[in-house]
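Student: Below is a structure I'd like to ask you about.
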Amino acid sequence: MNICVVGLQWGDEGKGKVVDLLSESADLVVRYSGGANAGHTVVRGEGEEKFALHLLPSGILREKVLCVIANGVVLDAEVLLEEIAQLAERGIRVGKNLRISGRAHLVMDYHKLQDRLSETALGAAKIGTTIRGIGPCYADKVLRTTALRVEDLLDLDNLKVKLDRIVEYKNKVFAALYPGSEAVDAEQLFRKCRLWADALGEMIVDTTELLHQAWGQKKSILFEGAQGTLLDLDHGTFPYVTSSNSSAVGLSAATGLPGRAVDRFIGVAKAYSTRVGSGPFPTEQDNEIGQYIRDRGHEYGTTTGRPRRCGWFDTVSVGYSIAIGGVDQIVLQHLDTLSGLEELKICTGYKHGSRKLDFFPPGVAVLAEVECEYETLNGFDEDISGAQTFDELPGAARDYVLRLEEILSRPINMIGIGPQRSQILRR
Ligand code: IMP
């Protein structure tokens with residue numbers, strides 16, 4: 001059975017934990033989009049062994065799983081090597097269990113510099129990126145002539161020629177657009193590439209071939225989405241999105257496998273909504289309710305540490321994400337975070353002026369102006385983090401889940417009640 005796990009909101013839904021759990025019965029775990037902008041926190045065992053992963057697929061904590069970084073990813077080799085070193089310090093070896101696509105693109109220091117310079121110059125119009133160089137790297141991929149792929153590390157002489165040309169171009173662009181900005185040093189970058197080639201060379205393969213073989217052999221493949229559907233470059237809240245197809249629609253282009261290679265799409269959502277960075281957020285609670293959720297849910301970015309914007313669950317946007325991704329079932333995370341709120345609101349519809357919208361709107365101008373229609377349910381006070389079954393949850397918590405299930409017309413069969421592997425209820 002091949003499964004794809006995608007986020008139904010603006011990222012940070014807790015996909016890492018779901019992938020970690022499902023990877024128990026997977027042969028391969030595949031990361032297919034985004035880069036070091038993602039942050040997956042996985043807590044292992046009943047203790048506090050916490051792992052913050054950015055590029056490594058969450059399956060890396062399981063010995064028998066083969067992890068794949070597919071072609072759709074933009075690879076910051078420096079971050080990857082740091083992550084590998086940190087795992088090694090804790091006794092987890094990464095070697096033959098990781099395969100990286102030669103078709104993936106390399107995130108270089110000048111991408112991060114460009115990201116920072118561009119965001120700073122934009123001022124109030126900025127996207128609020130993670131400054132990890134993601135947009136500039138994908139932009140170079142599309143431009144082609146200024147791109148470096150992971151496979152370039154396998155031919156350093158040729159890479160040097162390309163790199164010199166690209167750096168010359170970048171320095172001209174940066175000097176013109178951002179006078180006074182630091183110059184990029186091609187020699188220094190080349191030295192880094194040499195180190196990356198030494199450390200990662202043996203892991204670089206044609207992952208498209210590898211995945212087709214695995215599919216042909218009926219191995220079980222788990223695809224790990226990064227970010228969320230509403231941050232998808234084409235289908236999200238453009239331009240306040242990331243630069244890849246972070247929804248399930250991106251899977252084919254980003255792996256080389258046809259859509260029908262996936263048997264089941266699992267959508268992950270929090271029991272409320274969060275968003276980091278700029279852009280409209282209809283159910284945002286920029287008030288004490290949002291602060292309550294932020295504090296209880298530790299809603300601060302894994303990658304940047306930024307406080308996340310928090311709000312009520314939005315069935316319009318999540319319903320849209322379910323439709324876009326062909327989602328079969330839902331995992332609802334962080335239900336425990338809502339404990340202590342007197343009432344729980346669910347957004348059930350949008351109105352724009354006097355018009356009721358039937359579908360999530362494509363433009364941010366309309367989205368910024370929509371008025372949410374809410375249904376109000378009773379809150380619950382109990383600490384639910386120790387519950388063993390769905391039936392043990394307080395009535396109001398169960399009602400909340402059942403009402404979401406009814407509105408979204410998909411089964412919610414996993415419910416997160418805490419960060420540990422065991423704190424997930426199945427029904
Ligand atoms: P970028 O991906 O760094 O270019 O950032 C673009 C937008 O996506 C910004 O609003 C980021 O906050 C958001 N973003 C990128 N990665 C994540 C993530 O893993 N979780 C939540 N938001 C993200």
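Student: Please state, to two decimals, what the Cα-based radius of gyration of segment 261-342 comes to when divided by 2.2 N^0.38 Å (N = residues). Could you put the intermediate results ahead of the total?
Tutor: Numbers: Rg = 13.7 Å, N = 82, 2.2 N^0.38 = 11.7 Å.
Expressed relative to 2.2 N^0.38 Å, the Cα Rg reads 1.17.
Student: With only alpha-carbon atoms in the gyration tensor, what are the semi-axes of the equivalent ellipsoid for the chain, in Å, largest first?
Tutor: Rounded to whole Å, the semi-axes are 36, 26, 19.
Student: Need one number: nm distance between label points at GLU168 and HIS298, each 7 Å from Cα along Cα→Cβ, rounded to one decimal.
Tutor: Going from the GLU168 label point to the HIS298 one covers 5.0 nm.
Student: Okay, moving on. Calculate, in nm to one decimal, what ARG427 and ALA365 gain on full extension: separation in residues at 0.36 nm each, minus their alpha carbon distance.
Tutor: Extra length available between ARG427 and ALA365 comes to 18.4 nm.
Student: Pairing rule first: another cysteine's C-beta must sit under 4.7 Å. Under that rule, which cysteines of the chain stay single?
Tutor: When partners are defined as cysteine Cβ atoms under 4.7 Å apart, the chain leaves CYS4, CYS67, CYS137, CYS193, CYS310 without one.
Student: Continuing with the same structure: Calculate, in nm to one decimal, what LYS96 and LEU357 gain on full extension: separation in residues at 0.36 nm each, minus their alpha carbon distance. Working shown, then result.
Tutor: On the way: separation 261, 0.36 × 261 = 93.96 nm, distance 5.07 nm.
Gain on stretching LYS96 to LEU357: 88.9 nm.
Student: Compute the projected area of the convex hull of the Cα atoms of segment 101-187, averaged over all viewing directions, and report it in nm² to one decimal place.
Tutor: 5.9
Student: Let me ask you something else. Compute a Gaussian network model of the chain, connecting alpha carbons closer than 10 Å, and tell me which residue from LEU21, LEU156, LEU404 fluctuates the most.
Tutor: LEU156
Student: Now a separate question. Calculate, in nm to one decimal, what GLN188 and PHE238 gain on full extension: separation in residues at 0.36 nm each, minus their alpha carbon distance.
Tutor: The GLN188-PHE238 span can extend by a further 14.5 nm.
Student: Once you mark the GluC sites (Glu not before Pro) that are in a DSSP loop and have at most 13 other Cβ atoms within 10 Å, what is the longest gap between them in the chain?
Tutor: 183-341
Each reported figure results from applying straightforward, stated rules to the coordinates on display, with no laboratory input. This structure is a prediction, so every number in the text was calculated from the model and none was measured. Because the Cβ atoms are built from the backbone with ideal geometry, glycine has one as well, and the counts that use them run over all protein chains shown.
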